[in-house]
Structures are given as structure tokens and as C-alpha cells.
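In what follows, a single structure is set out as C-alpha cells and then discussed.
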Amino acid sequence: MPIPVTIADDSMMSRKVVRRALPADWDIEITEVTNGKEALEAVEAGKADVLFLDLTMPELDGFGVLSYLNERKTKTIVIVISADIQPEAKKLVDKLGAFRFLHKPLNSEQLSQALTDVGLI
Amino acid sequence: MIYQLSELQRDALQELMNISMGQAANSLARLIGAKITLSIPLISSVTPTEFVDMISSDVMWHTRQSFLGTVKGEVVSLQSHAGCEAIAELMDYELPLSDITREELLLELSNILAGACLNGFAEQLELTTKLSMPTVFEPEKLSPEHYRWAHTLLMEVEFKVESSHFDSKIVICLEAESISTLLSRLNSLLE
Amino acid sequence: MTTLAVLENLTAKLPLGVCVLNEQLEIEYWNDFFADRLNISCDQVKGQNLLTLFPNEAKYLKKKINSVFVLNNASFSYWEHRPHVFLFSSSRPITGEETLMYQNIEFIPLHVSNNVVKTVCMIVQDVTELASYYQGKKQLSEELAQEHSALLALNTKLEAAQNQLLQADKMAAIGQLAAGVAHEINNPIGFIHSNLQSLQDYSTKLLNLISFYEKVVNKTQNKTFMALQQEMQDRSQYSFLREDMPELINESITGIDRVTDIIKNLKVFSHVDSSEWQHANIIEGIENTLKIANSQLKYNVEVHREFQQPLPALFCQPMQLNQVFLNLIVNSAQAIDGKGHIYIKVSASSTALVIEIKDTGCGISESAQRKIFEPFYTTKPVGQGTGLGLSLSYSIVQKHKGSIVVSSELDVGTTFIITLPLLTPGDLETPS
């Protein structure tokens, strides 16, 4: 059964980069969304067992999504992929329960490592 | 020649700037230990008149810095008058600021921000750029007729240090011929 | 020679200072630029800490160099801000005025591995020539700017002086005209006056004679003669004539007296030799001025006087001060629309006289109050007035070492307060 995965980023290029960095042999079904609201809708619809989340998005940003998911204690695994690499951002992301914080530009090895660490691959 | 960016190209440039900015903000944050807020990067093609309008401000100081390499151009930075003293304190300058130390501070700040922005940008596109030293610049002294180009590509980002009420804008301007070099690198990245 | 040897030679001899530092700021290499000036060869300096060698700018150097290690970004030092980071003597020890070398420095990341900066290279540029040239230019343009503003100030002063001369000239011309006219009409007015006196005398005598004849005719009780007398008197409108004639002559005499008065005032006021300093009675001057201004005041302005008596005499130029009073009184009258009042108060302290002229006119706005003493400032329509009156009054008061201030409220009125110190002839010698 393919694992439902959602990529949330308002930049088309960025979503492409994530897609390309995912392990080729991983059996997944990908949904792409462009803002936080759509990301939550995808989670509700069961399309996001794994969520790759950008922090700066319109409508509802990454932090908003994280706190919502944290409150609901959903089982979605969140991997934040962001350009905002200030220590403050990392602190907050960790506090809100993300599994990992990866910096942009995305390093596919780091991504694979994260997926291995969480037991998805 | 007017460069019409496709949606895809604009989106890509915006994302590249976003990432560079993140690195720049991180550099500055490490130096001053304060939180920095970033704006969404703006990509635009402008005429000299539009350029002058964009960068003119009587509440900001201006600096400019040339860069050479695979692509050539200049980085113009705008720093708010407000909040200068607060930033100076964070950067370990002696207060109160004299005209000379204020200039030193502005040049150092713009060098750090421009350097990080440009380097991040160039790295992702596999371009080499070398920044020369920044100098203070007064755009009011130049009129649009002064500029020898018809259009230029601008990539603009804004940094705010809220706790100090300090505002800074970095504008990367590309020289005409470098724009096509940029676009071809961009296209290869998008394939 | 191998490439390495060539490069080593080149670097050593470059006309720039080249110094390579590691993360502990220890010197790994420096070229002849440094070696020659400090007499420490590259081999001798290896391993020494930059900051111990150059303690005076240690804090600055440390900050600049560290930022390169941390940020992997070049940093710069400018001669305009830090002219002499390294205390090397000037490259122009004979002909140059400077004693120290001016420097531009660039700190660049040299060896970078895995995005971590391992060594930083410091490049020192001798910009003494440039600095000296630039400073010379800067000084020249500062001097130029100063001269320019001095010239502008002088220009303004000259303009003001010229305007005052023009105005004084005008006033003098008008004065002369007035004096001439007064002189011309004085004689005929004199004739008329004395003729009228005679006429008054004759008419009284003639009327008395007729009364006498009347009495005689009435005494005869002759009805024919009395009837004739009555008819004649009726036809000549005698009763009316007898009442009216003395009145007519009296009024004419009063009129002529007034004209004589006006002429006298005019002559006094326009006395051409007006630059004589003398002791004068200010109240006399004010009363004189009020007579001159009477035509502007009589219909709708009531004048109230509050004069402190006795008043010390003031050493002054009385004619000039009268011009000032006239200026203010006429302005007040013109500011009053319909009926109004002017209050003139004169008082004295042990050191000065204070003259206050207050009106119930339309007032002056705050922004205008700042400008009214400026030459050419006027609120009158084009063609009327010259706008010089108050500025001239101001300078006359200044010549008397006094002050004139205005306070006003729109639609309420305006008050001018002139303070004139009690001078002695000796005070005039000092410049005002």
C-alpha cells in the first residue's frame, strides 16, 4: 500500500526539488499543496502520513500547521524543509513536535537519513 | 531588451532568493544575536525611472557594491535611519555613533547581508561572483537619465530586526548581458 | 624558475601588504611590505600573534578578522574611517605633510574547506596619495561654501540697506513737497484770514447801523415809513440775513483757522533736516502726529490717551520717531473696519520710555507677525503702499537702541510696544 505523502510549499520549484530528492524506490502517493490551509485539508483527508513542510507560506504558515497538528496529536510525521535557518526557527519547530528540520537547499542524503531515522525506509 | 520571465522562472528565482536570504539572515543573526524577519523576495524588471523610484528614500541610507564573475552587477542596500544605534550596540560599536562610525556600521552591515545573499544565490546556480568593497551612495544625486541601461533585473529582499526597529533592503541588480547567463542556468536547473 | 618560485617572489615584492592568518590569528606568512617596515622577516614572524604585534588596533583587527572566519565573507577597512590601522610611516617623508600611511584593508577568506574558513588573508593598500588629494579637495570645497554663504549674507545686507535708502529718499522727497505746498498756500490763506476778520468787523457794524435806523423809524410812529421799512426788510429777507451772516463769517474763520493749523503741522512734520539728535517731548510728537493722521481717524476711530506725567525728555531724532508713530497709527486705522478704538499709552521707567499703540482692528496672523518687519512684506493689494513702513520703523527704533514688538490676535486687535532707552549724547558713539 503506497504511503500517502504531502509536500507543502508555495514555490513550485521547491516542491520539484523535494520530489526529486525522495528515494526513487519508495512506494508513495504524492499530494502537492501550496499553503498551510491546504496542508491541513490534506491531513484531514488522510493524504499525509508524512508531511514535508515549508515554513513561509501564505494563508497559514508552517508554524501554524505545526501547532494545529501538535494540538490534535495526529500521527502525521512532519519534516520541515525551510530556508529560514535561524536558531529561533529551529527551536520553535522542535518545540512544536516536528521530527526533523532540514535546511534549504535540500540535501537528498540528509533527507534519506531522516526517513531512515524515523523508520519509513 | 525586455526580459519577460515566465511564471516558472520567476517562481524559481524567488525560491533561490528565499534560500539565500535565509542564509544571510542566519549570518546576521549569529553576529548580533537577535531575531530577523524576512520578507518574500520580489523579482522585477525595471526601467531607470522605476529603479530610481524603488530605491529613493529619505529615511534610509544607501550603499552600493559591485560584483564580477560569471554574472556581473551591483548590490544596492538600503538601511533605515531608525534603529541604527540599536544595531550598533548589538554589533559592539561605541555609542553614540559619530558620522564616521555610522558609515562604518552601514558598510559593514551591507557587506555582510549582500555577501551572504549573493553568495547563497550564486552557489545554488553554480555561478562565481566576487564582491568588491561597498561604498556609501546617494541616489538623489543621480537622475534616471544618468543610467545607461534601459531595463535591468532586480531581486529584492527585506530584513527587519524588530527588537531594534531596524529595517534593511538588499537589491541585487544584474547587468544586461548577465541576465541571459542567469536565465540559461536557471533553465538547466528547472529541467 | 619554477612557478612556485615565481609566485613566491611576486608575492613577496608586491606593493601591497599581504599577511596570512590562521584561526588563532597567528601569522603564517607576510610579505616584504610588512617585513621591511618592521624589520621582522617572514620566517621570524611565523607563529606570532597579530594582536600582540599590533596592540593599538587589536580590538578592531580582531573583530574584522573574526567576522571573516565566522561568515566566510570578505570584510573591509576604509581609510576614511580608520586611516592608520598599521602605524607605518608615510611614503612621502620629504615632501608630504602626512607622517603616517593611509590604508585600505581587505580581509579575505583564503583557504576554505567544507564551508569552514581555515585561513584569512589580510591585504593592505597604501592609499596615502589618494587620501591627501581627496582631503585637499574637501577643504577647498568647504572654503568655497563658506565664502559663498558669506557673500549671500552680504548681499542680503546690501539689499536691505539699499531699500532703506530708497525709502528714506522717498520720504525726504515727500517732505520737501509738503513743505513747498505749505509754504505756497500759507500767504493766500493769511490774506483770507485777515480779510475775514475785517469782514466780521464790518458786518457787525453794518448790522448795528441798521438796528439803529430801525429804532429811529419805529420812534416816528409814521405808519407809511414803518410799512415801507417792513416791506423792504421782507423783500431783503432781513431777519434771516441778520441771523445767518455772522454765522457764515464765524464758520469761515473757523475753517481758515483749521487750514492754518494743518499747514503749520505739515511744516513741522516735514521739516527736511530730520537727522538732528535733540532732547524732545515725545507726547508733543505723538499729538502732532495724531493731527496729521486726523483725516484717517475722525470718522470712525476713537483715540484714547494714557500719558504718564511728568515724562522725561528723550534724547532722539524727533522727526524720525514721528514717522514711526504715524506709520503705526495709520496702520491701526486701516486695520479697523467700521468703528473702532486706538489706545495710546506712554509710560516711563528710570531707564526707558515705553509707548504702546493698541487697536481694535482685524489683527495679524501668527505667521504674518514673523514677517511684518521685513522690507516689502505687505498685505495691501498691489499698487497700494510700499510695504516698507514697518521695516523702516524697525530700523529707526533700532537706531535709537530700542525695541519694537508686536502681539496680535485675529479679529481682536494688535498692540505694538516700542521701548526707547533714555540715552545720553555719549551713548551714540558706541555702535548699535
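The values are calculated or read from the model by the stated rules, or taken from the named source; none is laboratory data. Quick caveat, the model's predicted, so the values are computed rather than measured. For neighbour counting, all protein chains shown are included, and Cβ atoms are generated from backbone atoms with ideal geometry for every residue, glycine included.
Brief remarks follow.
- Cβ separations smaller than 6 Å between residues 6+ apart or across chains give the following pairs from the stretch A:95-121 residues that are more than 22 Å from B:Gln23 (Cα to Cα) to residues that are surrounded by fewer than 18 Cβ atoms within 10 Å (Cβ to Cβ) and hydroxyl-bearing (Ser, Thr, Tyr): A:Leu96/A:Ser67.
- B:Val171, sole failed condition from (1) more than 10 Å from chain C (Cβ to nearest Cβ); (2) out of contact with any Asp or Glu (no Cβ under 6 Å at 6 or more places or on another chain); (3) closer than 23 Å to B:Thr37 by Cα: (2)
- Filter pass, C:Ile185 being surrounded by 11 or more Cβ atoms within 10 Å (Cβ to Cβ), within 60 Å of the chain's Cα centre (by Cα) and in a helix (DSSP H, G or I): yes
- Across the stretch B:108-131, the qualifying residues are those that are over 13 Å from the mean Cα position of the chain (by Cα) and more than 9 Å from chain C (Cβ to nearest Cβ), and the one among them that is nearest to C:Leu61 (Cα to Cα) is B:Thr129.
Results for (1) over 23 Å from C:Thr351 (Cα atoms); (2) modelled with pLDDT of 90 or more, shown as yes or no for each residue.
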| site | (1), (2) |
| --- | --- |
| C:Val272 | yes, no |
| C:Trp277 | no, no |
| C:Thr289 | yes, no |
| C:Ile292 | yes, no |
| C:Lys298 | yes, no |
| C:Glu302 | yes, yes |
| C:Arg305 | no, yes |
| C:Leu314 | no, yes |
| C:Gln317 | no, no |
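- If you go through the stretch C:124-175 and keep only what is out of contact with any helix residue (DSSP H, G or I) (no Cβ under 9 Å at 6 or more places or on another chain), touching a residue at least 60 places away in the same chain (Cβ under 8 Å) and within 30 Å of C:Tyr29 (Cα to Cα), you end up with just C:Gln125.
- Boolean, C:Val112 is in contact (Cβ under 8 Å) with a residue 12 or more places away in the chain, out of contact with any His (no Cβ under 9 Å at 6 or more places or on another chain) and more than 30 Å from A:Gln86 (Cβ to Cβ): no
- Test: A:Ile81 is under 19 Å from B:Met21 (Cα atoms) and at pLDDT 90 or above: yes
- The single condition among (1) in contact (Cβ under 8 Å) with a residue 40 or more places away in the chain; (2) under 17 Å from the mean Cα position of the chain (by Cα); (3) outside any strand (DSSP E or B) that B:Glu140 does not meet is (2).
- The number of residues in the stretch A:26-42 that are assigned to a loop (DSSP other than H, G, I, E, B) and buried (at least 16 other Cβ atoms within 10 Å of the Cβ) comes to 2.
Table: residues versus (1) polar (S, T, N, Q); (2) within 19 Å of C:Val397 (Cβ to Cβ); (3) assigned by TED's automatic domain parsing to the domain that holds C:Ala280.
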position: C:Gln308; (1), (2), (3): yes, no, yes
position: C:Gln317; (1), (2), (3): yes, yes, yes
position: C:Leu321; (1), (2), (3): no, yes, yes
position: C:Ser332; (1), (2), (3): yes, yes, yes
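- Residue that is farthest from B:Ile172 (Cα to Cα), among those in the stretch B:108-128 that are of a type in the set (A, V, I, L, M) and in a helix (DSSP H, G or I): B:Leu109
- Condition met for B:Glu138 (away from chain C (no Cβ under 11 Å) and within 20 Å of C:Lys63 (Cβ to Cβ)): no
- Only one of C:Leu326, C:Leu353, C:Leu321 that is of a type outside the set (Ser, Thr, Tyr), within 30 Å of C:Thr260 (Cα to Cα), surrounded by 19 or more Cβ atoms within 10 Å (Cβ to Cβ) and touching a residue at least 60 places away in the same chain (Cβ under 8 Å): C:Leu321
- Selected residue (only one of C:Ala168, C:Ala145, C:Ala150, C:Ala179 is part of a helix (DSSP H, G or I) and touching a Lys or Arg at 6+ places or on another chain (Cβ under 7 Å)): C:Ala179
- Contacts under 9 angstrom Cβ, first residue in the stretch C:267-295 being of a type in the set (Ser, Thr, Tyr), partner at pLDDT below 90 and in a loop (DSSP other than H, G, I, E, B), 6 or more apart: C:Ser274/C:Gln317; C:Ser275/C:Gln317
- Strands (runs of 3 or more DSSP E) completely within the stretch C:16-103 that count 3 or more residues being within 14 Å of another protein chain (Cβ to nearest Cβ) and within 60 Å of the chain's Cα centre (by Cα): C:75-77
- Screening the stretch B:1-107 for helices (runs of 4 or more DSSP H) wholly inside it with 2 or more residues that are more than 14 Å from every other protein chain (Cβ to nearest Cβ) and crowded, with 17+ Cβ neighbours inside 10 Å returns the ranges B:48-55, B:84-90.
- A count restricted to the stretch C:199-243 and to residues that are within 23 Å of C:Asp257 (Cβ to Cβ) and either over 60 Å from the mean Cα position of the chain (by Cα) or surrounded by fewer than 10 Cβ atoms within 10 Å (Cβ to Cβ) (or both) stands at 7.
- Verdict on A:Met13 being over 20 Å from A:Arg100 (Cα atoms) and within 14 Å of another protein chain (Cβ to nearest Cβ): yes
- Filter result for C:Glu106 (within 14 Å of chain B (Cβ to nearest Cβ), touching a residue at least 24 places away in the same chain (Cβ under 8 Å), acidic (Asp, Glu) and surrounded by fewer than 19 Cβ atoms within 10 Å (Cβ to Cβ)): yes
- Residue match in the stretch C:119-128 (condition: of a type in the set (A, V, I, L, M) and surrounded by fewer than 15 Cβ atoms within 10 Å (Cβ to Cβ)): no
- Some residue of the stretch C:56-66 being among the small types (Gly, Ala, Ser) and out of contact with any helix residue (DSSP H, G or I) (no Cβ under 7 Å at 6 or more places or on another chain): no
- Number of residues in the stretch B:131-160 that are more than 23 Å from B:Arg10 (Cβ to Cβ) and modelled with pLDDT under 85: the value is 12.
- The helices (runs of 4 or more DSSP H) found entirely in the stretch A:43-121 that carry 1 or more residues being within 14 Å of chain B (Cβ to nearest Cβ) and crowded, with 20+ Cβ neighbours inside 10 Å are A:62-72, A:87-95.
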